[in-house]
Amino acid sequence: MPMFFKPEDAETRSIELLDELTGLVGSFEGGSVSGIITTDALSQAILQYSTIANALNSEVPAYYLAPTNSFSLKLLSKLTEKKDILLGRIYSMDDLLGALKTVKEDSLVFVSSFSILIDKSPEDMLALRRIVDDKNLMTVLSHNTLELNELDLTGEFRRLFMLPELFELLMVMRTNSYRGHYRLNLSIIKAPPEFIRNIGEHSIPIDSKAKLFLE
């Protein structure tokens, strides 16, 4: 049976995904799932390390899960002096669900290369959603790809994340540069209710953030 509850206007733990994005999509609250596609290595690095650094700086436990050994403490140190992140190697959806069951409540869980995990099903996505809700997790499912059908982003999210309806935030991130200046180009497909006015295309300057990773 469904369990009904009365919504409360109470403060919940939150962090910034990326400081430069707060005005567009707000803070990342507990019990939320973001699905983010990046189309280049720089945008993936900016998203990944900024989100994790913001969590650590806010004293939020942070976990990084991926099927590859691609995490760099050197890059993380460009944004925070704290290094108490826990890393996990996952290869399948069962691995991910098992990991989510062991992390602390009210934590950030950043999953890289989500879409190459094997044995995903709609039932698994609903199980993930339930764990996120029960443990009040801030969960980012990200995927970096060079192949993206820009004319059908909704279809791409369904292909890569199966049930995009379960996510609070769906977004594509790309970086480009011109004469030494960098911009982050965004396609916001789904946003929290307070920010639905920002669904669509945006471009923001990120010179200082980009140069941290490129120097």
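The values are calculated or read from the model by the stated rules, or taken from the named source; none is laboratory data. Not measured: the values here are computed from a predicted model. Cβ placement follows ideal geometry from the backbone for every residue including glycine, while neighbour counts extend to all protein chains displayed. Remember, those area values only see protein heavy atoms, side chains included, never the ligands or the DNA or RNA. Shrake-Rupley method; radii C 1.70, N 1.55, O 1.52, S 1.80 Å.
Considering only LEU86, THR102, VAL140, whose Cα is most displaced toward the positive end of the charge dipole of the range 69-176, charges sitting on Cβ of Lys, Arg (+1) and Asp, Glu (-1)? Ranked along the dipole, the leading option is LEU86.
Of the trypsin sites (Lys or Arg not before Pro) in the range 160-215, the ones in a loop by DSSP (not H, G, I, E or B) with at most 15 other beta carbons within 10 Å are ARG179. Lys-Lys pairs in the range 71-117 that are eight or more residues apart or on separate chains and whose Cα atoms lie under 23 Å of each other come to 5. When each of the peptides 31-43, 65-77 is scored by how many other beta carbons lie within 10 Å of its residues on average, the order from highest to lowest is 31-43, 65-77.
Between the helical axis of 41-57 and the longest alpha-carbon principal axis of the chain there is an angle of about 60 degrees.
The modelled label-to-label distance for the pair THR145/ALA41, using points 7 Å beyond Cα in the direction of Cβ, is 2.0 nm. If the chain linking LEU97 and SER70 were pulled fully straight, counting 0.36 nm for each residue of separation and taking away their Cα-Cα distance, it would gain 7.6 nm.
For the chain, the share of DSSP beta bridges that are antiparallel, to the nearest 5, is 40%. Annotation: amide H of THR38 within the under-5 Å range of HIS143, ASN144, THR145, MET173, sequence separation 5 or more or interchain, hydrogens built in the peptide plane. Taking every DSSP helix (H) stretch of at least 4 residues in the chain, weighting each as -39,500 (n - 2.57) and dividing the sum by the residue count yields a mean residue ellipticity at 222 nm of -9000 deg cm²/dmol. Between the Cα long axis of helix 93-102 and the first principal axis of the chain there is an angle of about 80°, rounded to the nearest 10.
For the pair ASP134 and ARG179, a Förster radius of 35 Å applied to the C-beta separation gives a FRET efficiency near 0.10, rounded to the nearest 0.05.
Measuring from a point 7 Å past the Cα of GLU81 along Cα-to-C-beta, which residues in the range 200-215 have an amide N at less than 19 Å? Within reach of a label on GLU81: no residues. Ligands, DNA and RNA left out, the 1.4 Å accessible surface of the chain is 53% carbon and sulfur atoms. Computed about its Cα centre, the charge dipole of the range 1-120 is approximately 420 debye, with only Lys, Arg, Asp and Glu carrying charge at their Cβ.
Go through 139-149, 80-90, 50-60 and give me the packing order, highest mean Cβ count within 10 Å leading.
Result, highest mean Cβ count within 10 Å first: 50-60, 139-149, 80-90.
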